[in-house]
Structure formats: C-alpha cells, structure tokens
C-alpha cells in the first residue's frame, strides 16, 4: 500500500481485531473454566480493593497522629492523595472510553459481580495497584512490596475470574493505578521543592 493513511487504518483495524479476539478468548478461558468453589473467595478479594485502598492511608495517618510522627503523616497523606488521583483519573478514562462490560457484549461470560459502570479500565485493579505502588514507594522494603503487589495482582485476576472485565481492562487498571501513584509521588516531591 502506497497510501500511508490507508496503511495506518489497515494496521489499526487489524491490530484492533486481533487484540479484541485475544481479549475475549483469554477471558473465556479464565471465566468459563473457573473453579466455581472459589467464586466467594474471589468476590471477597475484589471487595478488599476499595476497603484496603481507603483503610491503608487512614490507618497510617491514625498511627502517625498518635505517635506525633510528621514523616509518617506525610506518607499517609501521599498514599491518600495517590488513591484520590487514581480514582479521578480512572473514572475520567472509564466514561470517556465507555467500553461495555464483557458480559454485556458476550452473554456467554458468567458475571459474578454487581458491575454497572463502563469496563475500561478496571477501577478495582487500579485502586489495588495505586495502593500497592504508593505503599512500596513509602515503605521500600521487600516485605511490604511483595505482599502488596501479590494482593494487587490477585485483585486483578479476580476481576477476570468473576467475569467483570476483559484482560486489557485489568492491564490498563494496573498501569493507571501504578502510574497515578508514581505521578503523585513526583508531583509531591516537586511541590515540596517550591
């Protein structure tokens, strides 16, 4: 093809069709072949994202207040600001893209959640990865980093197991969550220099 615009559209649609097929095929393998005995456990893990996301900065701030530890208080504020930034960013992206949930587009997918918002990116996953990343930046110890990211990854997987998201929704949620925590960290450092 000599026309670069036609080549661009050909490549764009080819990649898009391949990606969508890969997305739904992987989701079908995970969701339709799942161990249904694990559904309740994965629902609990999914719900833990919002609870832990809010409880983490609240608990750290409370401890800092009781100990009168200003450094710990600043870490709690950073983790809370990361969560806030992430929720605003994820919500804006969700409603801008407005992708339908996989169980709406593909009725074969078994939905085990009460999801009504648009699909891309996964809010639960972005909250989990924002929390894991901000915790890891605030407390850079292996015993904080490893469990944080293991939990965040399990939250992401739970969204596939329960049929609430496509794999690309979960991947995008992880990127937005970790990215918003890092962006908040950099912004916080820049503000402190002023």
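The values are calculated or read from the model by the stated rules, or taken from the named source; none is laboratory data. The structure presented is a predicted model; accordingly, all values stated were derived computationally and were not measured. Don't worry about glycine lacking a Cβ; one is built from the backbone with ideal geometry, like all the others, and counts go over all protein chains shown.
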Quiz item: Looking at this structure, is residue 145 touching a helix residue (DSSP H, G or I) at 6+ places or on another chain (Cβ under 7 Å), in a helix (DSSP H, G or I), surrounded by fewer than 22 Cβ atoms within 10 Å (Cβ to Cβ) and in contact (Cβ under 8 Å) with a residue 40 or more places away in the chain?
Solution: no
Practice problem: Identify, from the list 125, 131, 91, 113, the residue that is under 19 Å from residue 75 (Cβ atoms) and either touching a residue at least 24 places away in the same chain (Cβ under 8 Å) or not in a loop (DSSP other than H, G, I, E, B) (or both). | Solution: 131
Quiz item: Is the range 169-183 home to any residue that is closer than 16 Å to residue 49 by Cβ and assigned to a loop (DSSP other than H, G, I, E, B)?
Solution: no
Quiz item: Quick one: residue 1 ticks every box in (1) farther than 19 Å from residue 185 by Cα; (2) over 17 Å from the mean Cα position of the chain (by Cα); (3) at pLDDT 90 or above bar one, so which box is it?
Solution: (3)
Quiz item: On the given criteria, is residue 40 more than 19 Å from residue 124 (Cα to Cα) and assigned to a helix (DSSP H, G or I)?
Solution: no
Practice problem: Return yes when residue 55 is more than 25 Å from residue 120 (Cβ to Cβ), crowded, with 19+ Cβ neighbours inside 10 Å and without any contact (Cβ under 8 Å) to a residue 60 or more places away in the chain and no when it is not. | Solution: no
Practice problem: Please identify the pairs in which a residue from the range 27-41 that is more than 14 Å from residue 103 (Cβ to Cβ) has its Cβ atom under 8 Å from the Cβ atom of a residue that is at pLDDT 90 or above and surrounded by 10 or more Cβ atoms within 10 Å (Cβ to Cβ), counting only partners at least 6 apart or on another chain. | Solution: 38/161; 39/161; 39/162
Exercise. Tell me, yes or no, whether the range 72-79 has at least one residue that is under 29 Å from residue 35 (Cα atoms) and modelled with pLDDT under 95.
Key: no
